[in-house]
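Heads up: the structure comes next, in structure tokens.
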Amino acid sequence: MKEGEVRPLAICVFRKMDQILVAEDFDTTKGETFYRPLGGTIEFGEYGQDTVVREIREELGVEVRNLRYLGTLQNIFTYEGKKGHEIVLTYEGDLSDKSMYDKTSIEGLEGEAPFKVVWKSLDYFKNGRAPLYPEGLLDLVVEIDRLRQGE
């Protein structure tokens, strides 16, 4: 994350009933554990959906199926004491490896660095037990659910 620049991202929400798959992280400056869906920086000349496919392949070693665009979010935040600004293309999709849905915790890789990936219920975030980033994602997912139930 370069300070003073807007970073384009693409993330994907994977669902297992009322749960979503999220990476767990910790901001040492705030003393805060937080969660965010998997994805990453959109590279020059790359479409958002291609970013999601590439990032999930790199981070989890699996393919993405049935990718659907949900919306765009803007995220202005402070992480480890540094200001950040992201434009986030948000997708929903399915993991090709069905065994991933049976795991409670998965080890992801960002380059050589491992990170923890878990399934968390939407109620966990609705009840304020931990933040879900980017800001506005929970509202977007809840609104999509509401619209689907009205269909």
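Each reported figure results from applying straightforward, stated rules to the coordinates on display, with no laboratory input. Quick caveat, the model's predicted, so the values are computed rather than measured. Cβ placement follows ideal geometry from the backbone for every residue including glycine, while neighbour counts extend to all protein chains displayed.
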Computed over segment 6-150, the relative contact order (Cα-Cα under 8 Å, seq sep at least six) in percent reads 30
For residue 7, the residues 5 or more places away or on another chain with a placed amide H closer than 5 Å to its own amide H are 85, 86, 87
What's the center-to-center distance, using Cα atoms, between segment 13-52 and segment 103-135 in Å? 8
Treating only the Cβ of Lys, Arg, Asp and Glu as charged (+1, +1, -1, -1), what charge dipole size does segment 6-150 show about its Cα centre? Round to the nearest 20 debye. 400
Of 44, 14, 77, which is the most mobile in a GNM of the chain whose springs link Cα atoms less than 10 angstrom apart? 44
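For the chain, compute Rh as the Kirkwood radius over C-alpha pairs and then the Stokes-Einstein diffusion coefficient at 4 °C and 1.567 mPa s; write the answer in µm²/s, rounded to an integer.
Values: Rh = 15.9 Å.
The Stokes-Einstein estimate is 82 µm²/s.
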How many nm separate the modelled label positions at residue 109 and residue 43, each set 7 Å beyond the Cα in the direction of the Cβ? 1.7
Counting lysine pairs in the chain that sit 8 or more positions apart or on different chains, with Cα atoms under 17 Å apart, gives 10
Find how much the distance from residue 146 to residue 102 grows on full extension, using 0.36 nm per residue of separation minus their present alpha carbon separation; answer in nm with one decimal. 13.2 nm
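Counting Lys and Arg as +1 and Asp and Glu as -1, what is the net charge of the other residues whose Cβ lies under 15 Å from the Cβ of residue 141? Mind dumping the intermediate values first?
Values: positive: 15, 16, 36, 68, 120, 126, 146, 148; negative: 18, 92, 123, 135, 139, 143, 145.
The answer is +1.
For the chain, what does the helix formula give at 222 nm: sum of -39500 (n - 2.57) over DSSP H segments with n ≥ 4, over the residue count, nearest 500 deg cm²/dmol? Walk me through the numbers on the way to the answer.
Values: 3 runs with 32 residues, N = 151.
My calculation for the chain gives -6500 deg cm²/dmol from helical runs alone.
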Putting +1 on Lys and Arg Cβ atoms and -1 on Asp and Glu Cβ atoms, find which of 48, 121, 66 reaches farthest to the positive end of the dipole of segment 6-150. 121
